[in-house]
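Below: the structure, in structure tokens.
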Amino acid sequence: MSDAFIRTENLTFAYENDEGKEVPAVKGISLEIKEGEFVAMLGHNGSGKSTFAKLLNMILTPTSGKIYIDGRDITADDMTEDDMFDVRRKVGMVFQNPDNQIVATIVEEDVAFGPENLGIEPEKIRRRVDQALETVGMTEYAKHAPHKLSGGQKQRIAIAGIIAMRPRCIIFDESTAMLDPLGREELMSTIEKLNREEGITVIHITHYMNEAAKADRIVVFDDGQVFADGTPEEIFSYPEPLRAVGLDVPQTVELLFKLNKMGGNFNLKNISTEDCAAVIAEAYRKATESKN
Ligand code: ADP
Ligand code: MG
């Protein structure tokens, strides 16, 4: 038995193009994600990340293969509509464009929308909404109009709406892509907090290497398949194959990588210029001290 929260077996999905021809987008992916894991997914445009995510959330139905969520085969013939809602409650999804995810004209009503649809009692909803807003740091905006908020704040409201449904896993599909650097940073700390403090399993699809570096594990997609799967250190230790699948390795990582080859002992997770400079300065300081 596997203790995976999400497990796919030889998962395949093909879109139908205008001429009715099948175009494969996910090609036989077998992957396990444990409860509580923080997984980043990387891969150039069109490598199948979003399609894979939508299969997990039952927005799309596989062409073939299996998906197990929390032990339940969600590709089984006996899946009812209730079972499908149960999957969507367990595995929430936050998309790229914050404007497309807001449904109400007042923040707290927007956050309440999901749990209301689940048929939860109003009193419970009240508590959940307050808690969810607290978690994403948006309590003071409860009575505000969502359309007046910044992109980053809107994304945090979208997340609060998902959290209020008490998901075990949240998939972020390039949710930081449309935000400015500050909004991105705020959202990343919210995502990290959900994982580290609330124990929510996180799948974070991103093309920002510094965000991927924060995960426990990185899965690299290429051409509808898993190209690489490992810790950030493992993945960043092989810059050449990453470049071959169209991903840029940050120059900081490359520098640390080369220094390690020359006998250094730097953690390749230090990919921001600041962190990279700091660890090199620290090593330099230690080396000079030991000489004196
Ligand atoms: P990613 O999220 O990694 O950019 P996608 O899962 O969106 O990749 O796309 C994978 C492949 O499926 C691409 O070749 C893309 O062109 C194709 N594709 C995605 N969405 C559709 C769609 N709605 N109809 C037809 N083809 C699609
Ligand atoms: Mg995508």
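The values are calculated or read from the model by the stated rules, or taken from the named source; none is laboratory data. All figures in this text were calculated on a predicted structure; none of them were measured in a lab. Neighbour counts are summed over all protein chains in view; Cβ atoms, including those assigned to glycine, are modelled from backbone coordinates with ideal geometry. When the accessible area is computed, the model is the full protein with side chains, heavy atoms only, and any ligands, DNA or RNA have been set aside. Shrake-Rupley method; radii C 1.70, N 1.55, O 1.52, S 1.80 Å.
Just a few scattered comments:
- Just one of the listed residues (D216, D229, D222) is open to solvent by less than 70 Å² (accessible area, probe 1.4 Å), charged (D, E, K, R), touching a strand residue (DSSP E or B) at 6+ places or on another chain (Cβ under 9 Å) and within 16 Å of ligand 1 (Cβ to nearest atom), and it is D222.
- Segments classed as strands (runs of 3 or more DSSP E), wholly inside region 9-113, with at least 1 members that are at negative phi, away from ligand 2 (no atom under 16 Å from the Cβ) and in contact with a Leu (Cβ under 8 Å, 6 or more places away or on another chain): 22-34, 64-69, 91-94
- Looking at region 210-292, the helices (runs of 4 or more DSSP H) lying wholly inside it that each contain 3 or more residues that are under 24 Å from G43 (Cα atoms) sit at 232-236, 239-244, 251-261.
- Flag not set for L187, criterion: touching a residue at least 12 places away in the same chain (Cβ under 8 Å), open to solvent by less than 20 Å² (accessible area, probe 1.4 Å) and not assigned by TED's automatic domain parsing to the domain that holds S150.
- Odd one out for M41 among (1) in contact (Cβ under 8 Å) with a residue 40 or more places away in the chain; (2) open to solvent by 50 Å² or more (accessible area, probe 1.4 Å): (2)
- Scanning region 72-94 for residues that are free of Cβ contacts under 8 Å to residues at least 60 places away in the same chain and open to solvent by 60 Å² or more (accessible area, probe 1.4 Å) yields R72, D77, D78, T80, E81, D82, F85, R88.
- Within region 146-191, considering residues that are under 13 Å from the mean Cα position of the chain (by Cα) and of a type in the set (A, V, I, L, M), the one nearest to V91 (Cα to Cα): I170
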